[in-house]
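The values are calculated or read from the model by the stated rules, or taken from the named source; none is laboratory data. Everything numeric in this text was worked out from a predicted model, so none of it was measured. So basically every Cβ, Gly included, is an ideal-geometry build from the backbone, and we count neighbours across all protein chains shown.
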Amino acid sequence: MEAVEESLAEARQTLRSGQTRSVAWRKKQLRALFELIHDNEEKIFKALDDDLGKHPTEAYRDEIGVVIKSLDYSLSNIEKWVAPKKSSVPMLFFPAKGEVIPEPLGVILIFSCWNFPFSLALDPLIGAISAGNTVILKPSDQAPACSSFLANTIPLYLDCKAIKVIEGGAETCERLLQQKWEKIFFTGSARVGQIVMTAAAKHLTPVVLELGGKCPTILDSFSNPRDFKVAIKRIVGGKWGPCSGQACIGIDYLLVEEKLASTLIDLLKKIIKRFYGENPKESKSVARIVNKHHFARLRNLLKDPLVAASIVHGGSLDEDSLFIEPTILLDPPLHSEIMTEEIFGPFLPIITLKNIQESIEFINSRPKPLAIYAFTKDETLKKRIISETSSGSVTFNDVMIQFLCETLPFGGVDQSGFGRYHGKYSFDTFSHEKAIMQGSFFPEIEARYPPWTAFKLKFIRLAYRLNYFGLVLLLLGLKR
Amino acid sequence: MGSEEANAFDAKDAPKIAGELRESFASGKTRSYEWRTSQLKTILKILDNHEQDMILALRSDLSKPEMESYIQEIAMLKNSCKATLKSLKGWMVPEKAKTSMTTFPSSAEIVSEPLGVILIISAWNYPFYLSIDPVIGAIAAGNAVVLKPSEVSPASSALLAKLLKEYMDTSCVRVVEGAVAETAALLQQKWDKICYTGNGRVGRIVMEAAAKHLTPVLLELGGKSPVVVDSDVNLKFATHAVTFYVKVATRRIIAGKWGCNNGQACISPDYIITTKDFAPKLVDSLKEVLEKFYGKNPLESKDLSRIVNSNHFARLMKLLDEEKVSGKVVHGGERNETDLKIAPTILLDVPRDSLIMTEEIFGPLLPIITVEKVEESYDIINSGPKPLAAYLFTSNEKLKKQFVMTISAGGVVVNDTTIHLAVVTLPFGGVGESGMGAYHGKFSFEAFSHKKAVVYRSFVADAAVRYPPYTKGKLSLLKALVGGSILGIIRALFGWS
């Protein structure tokens, strides 16, 4: 446990030395991360398979690939990001100049999550390093193979005086949260998010909370059956593809019109079979449930007899291999847990509506989700979704790809969290934008100083209004 | 205390108020550009029509000189409001974002959407500016707002409540008056953002309360903002130029310290660091200019604010009368407890472990710390919590650069004090103990907006590589796609690698 205090003290000392401020240092660390991935790809695949049964293709698409892209982007933009930005200054202070300089916040604490144990740890780390901070990373103990991989490998490649990995469970987290940090970046559940923020308040530490929520997917009807099929493929890929539904931006439930339900279910079944075969358990293409605890949680969601009765596909659970089949439910009761709690697993409830326009109201009567997906060609519906609902992000006609755009901010709103990252947004999240003003000694305007007179008041009024002509008249004594 | 208690809302009504505003927000009316601009124009109208009322309220709460009230509150607000009205349309336009090859073909944009219902808890020292400026930002971003002005400046609080009720759309913009109990009741409600201006102790309470609802916070706190005065000017300047340098520095320090609500401002200079040999020159100059500005008997000057109340007066006296400090007064020290007046007071070489050097002063006392070399100031500043502002007077370019890089503060001003507050193109906010989040101008709009990422995809180009069953070939193609190598992609597509 001393590890916490010692590591923090060393990270703080390194920060104070100023070496992490140099762009060269930052780039060196980012390149070292590249090397780490390059040299250890097989080990990473192995760790992800051990923890979650992720197939290497899925692991590459959702984890390694994401990190490589992020590294590439940071490395090619970092010089631009660190450059001071000029600001214009009002005339009263002419010829002063203003600029904004991003400076590192200090020592950052990153809590990552078990469902994408690699990318959710390294992606924020890239941002924190790019901004010149020192970092303590606490990977989730629920993905132990990845956690120990990170703890053992990162020190071999990165500056171990500045970037540290601390492993551990709840007790370690508590200990970490007692310390003072300059920012805490947390990915996980709302319940723990509250604990993190409460602890942060004691030290006035700003936090980024990347939480989850029930991400709805609106499925409109299509005149072209080919489009409908592509939509279903993307839904299946987006629901069971990334970590078998254990993803914060994964699809939680589907909203469709009643008349579409049966066609939809048929097509879903067909595509599930094509993707995962007759027996999905044997397919290496679906991840397993992370652990017994989550397995039990998911099993409980189906316990309600009304919910169990709504299963139209799948529903088999194998506790020994922690595998749950892709499962579809049609209209489970809205007050049941499966429709009030974030599912975070391979269950897909379909909620039928009379008219797809009702989906707006349906979504608005629930907490704001991290993402809304909508498959539609109806431009009016698109506009309504953007302007009448609120969510971290909205993606039309696809699933989860918003996560892959470095130019888009990624983050939640309301119950799905606050703060954002990815690309430049990561850099900003881990930087303090310091406002700098440089005054000069000439000219020295008397009107700024007491004793106050009516003349000075007039002068200031004009200066604020940028009334150059009025100012000249006043100075010449021609204006009253 | 009687009057503000009479105006205070009933704490039991807090859920009702929050509920009403949430309903108004849900109706969508605050989202339109027209609603936002009409409310902002109404604020301008209030400022135009009630300038004198505000000046009188500020005189009653703080004896604030008219000029200060006008420049630092009313003119700043008008400026902020006008700048916002001028740029708002542009700010509201969704920002196009580039998409990557992996998601081709697609387009993306970032939409600024209102957060919802904002709670603004403001401070007593600039009761109008610190209340209305965040309200401008919250309205500009399309939110509903509840404003709780400080009960410590009751006349201003009452005037705000009256004017906003009379002019603004009260279904979406509400002022509630009250003290601790009322604030606590407000903090129990769920808001979509809380903006608090004040001290770190209450800042912590606000953030902890916000954590229960996962509400983001903007905390504008204070801290001990240092002024470093370099003495190394003799080398560059002729004698008369040195005199000019000292005079300008002195005036700008005085304007930022005593000319800002008699030091009761979060960005006011808190203490000076200068070299041992330069200190006497600086003290002499300060004395001379202070007399020119505020006369021989500053307690009588109409150009200085008074201390806000007897609590703060007592707090300041405690700082001044500490045993190891009281002997260090080199100028001023006069006080009048009945009028709550304290004269501009300068202290030389106070011990670093004294109260006056460990707590935020927030009043007309200005200690000067002397060092051998000006660079020693870095350690002194960095050994304490990060201040809201740091000021440097120098003509040495190297020192400027060093100072800007070494000192962490909300804002840094070289060769002047406090003026960065007036620049709407600069973010205003603290770091560390001086707060989190920034506002002013476009930064206000952003502080009260959620940046929603929106991606549009079409149905063409659906690469099988994304979907299971997963194969080795798909893995290679993905690697090539991520790497962005066209050749690699072609090779993978043909199954050559």
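Before moving on, here are some points about what is shown:
- Residue that is modelled with pLDDT of 95 or more, under 30 Å from A:Leu52 (Cα atoms) and in contact with an Asp or Glu (Cβ under 6 Å, 6 or more places away or on another chain), where the choices are A:Ile356, A:Ile372, A:Ile343, A:Ile350: A:Ile343
- Selection from the range A:255-313 of residues that are of a type in the set (S, T, N, Q) and under 20 Å from A:His55 (Cβ atoms): A:Asn279, A:Ser283, A:Ser285, A:Asn291
- Hits in the range A:377-436 (condition: of a type in the set (A, V, I, L, M, F, W, C) and touching an Asp or Glu at 6+ places or on another chain (Cβ under 6 Å)): A:Ile436
- Residues (over 20 Å from A:Thr352 (Cβ atoms), touching an Asp or Glu at 6+ places or on another chain (Cβ under 8 Å) and in a helix (DSSP H, G or I)) located in the range A:300-319: A:Asn300
- Checked against (1) part of a loop (DSSP other than H, G, I, E, B); (2) over 18 Å from A:Glu35 (Cα atoms); (3) not polar (S, T, N, Q), A:Cys160 meets all criteria but (2).
- One residue from A:Ala151, A:Ala121 being more than 14 Å from chain B (Cβ to nearest Cβ), more than 18 Å from the chain's Cα centre (by Cα) and either modelled with pLDDT of 95 or more or assigned to a strand (DSSP E or B) (or both): A:Ala151
- Here B:Val176 does not qualify as under 22 Å from the mean Cα position of the chain (by Cα), modelled with pLDDT of 95 or more and within 22 Å of A:Ile445 (Cα to Cα).
- Residue check for B:Arg306: in contact with a Ser or Thr (Cβ under 6 Å, 6 or more places away or on another chain) and at pLDDT 95 or above: yes
- Any chance A:Ser112 is within 14 Å of chain B (Cβ to nearest Cβ), closer than 29 Å to A:Ala287 by Cα and among the hydroxyl-bearing types (Ser, Thr, Tyr): no
- Residue match in the range A:131-145 (condition: within 14 Å of chain B (Cβ to nearest Cβ), touching a Leu at 6+ places or on another chain (Cβ under 9 Å), charged (D, E, K, R) and in contact (Cβ under 8 Å) with a residue 24 or more places away in the chain): no
- Residue in the range A:93-109 that is more than 30 Å from B:Gly441 (Cα to Cα) and either crowded, with 24+ Cβ neighbours inside 10 Å or away from chain B (no Cβ under 14 Å) (or both) present: yes
- Any hit, the range B:456-468, residues being more than 30 Å from A:Glu379 (Cβ to Cβ), at the interface with chain A (Cβ under 8 Å from one of its Cβ atoms) and assigned to a strand (DSSP E or B): no
- Helices (runs of 4 or more DSSP H) fully within the range B:351-430 counting 2 or more residues that are more than 10 Å from chain A (Cβ to nearest Cβ) and within 20 Å of A:Ala96 (Cβ to Cβ): B:397-406
- Yes/no for A:Val196 being among the β-branched types (Val, Ile, Thr), touching a Leu at 6+ places or on another chain (Cβ under 9 Å) and touching a residue at least 24 places away in the same chain (Cβ under 8 Å): yes
- Selected residue [in the same structural domain as B:Leu21 (by TED's automatic domain parsing) and in a strand (DSSP E or B)] from B:Ile139, B:Ile132, B:Ile205, B:Ile194: B:Ile194
- Selection status of A:Asn224, in the same structural domain as A:Val290 (by TED's automatic domain parsing) and surrounded by fewer than 23 Cβ atoms within 10 Å (Cβ to Cβ): yes
- Matching residues, the range A:317-363, being touching a residue at least 40 places away in the same chain (Cβ under 8 Å) and hydroxyl-bearing (Ser, Thr, Tyr): A:Ser321, A:Thr352, A:Ser359
- Selection from the range B:269-314 of residues that are under 20 Å from B:Ser60 (Cα atoms), touching a residue at least 60 places away in the same chain (Cβ under 8 Å) and more than 14 Å from chain A (Cβ to nearest Cβ): B:Arg306, B:Val308, B:Asn309
- Subset of the range A:211-241 [part of a helix (DSSP H, G or I) and not aliphatic (A, V, I, L, M)]: A:Pro225, A:Arg226, A:Asp227, A:Phe228, A:Lys229, A:Lys233, A:Arg234, A:Gly237, A:Gly238, A:Lys239, A:Trp240
- Those residues of the range B:446-459 which are crowded, with 22+ Cβ neighbours inside 10 Å and either within 19 Å of B:Ile120 (Cα to Cα) or free of Cβ contacts under 8 Å to residues at least 60 places away in the same chain (or both), in sequence order: B:Ala447, B:Phe448, B:Ser449, B:His450
- Subset tally (residues that are within 19 Å of B:Tyr245 (Cβ to Cβ), at pLDDT below 95 and surrounded by 22 or more Cβ atoms within 10 Å (Cβ to Cβ)) for the range B:259-281: 0
- Residue count for the range B:312-350, restricted to those that are surrounded by fewer than 21 Cβ atoms within 10 Å (Cβ to Cβ) and assigned to a loop (DSSP other than H, G, I, E, B): 10
- Any hit, the range A:278-299, residues being closer than 26 Å to A:Glu358 by Cα, surrounded by fewer than 21 Cβ atoms within 10 Å (Cβ to Cβ) and among the polar types (S, T, N, Q): no
- Tabulated pairs, the range A:225-236, first farther than 11 Å from A:Leu268 by Cβ, second surrounded by fewer than 20 Cβ atoms within 10 Å (Cβ to Cβ) and of a type outside the set (Phe, Trp, Tyr), C-beta under 6 angstrom, 6+ apart or interchain: A:Val230/B:Asp462
- Residues located in the range A:170-189, provided they are crowded, with 17+ Cβ neighbours inside 10 Å and closer than 22 Å to B:Leu219 by Cα: A:Leu177, A:Gln179, A:Trp181, A:Glu182, A:Lys183, A:Ile184, A:Phe185, A:Phe186
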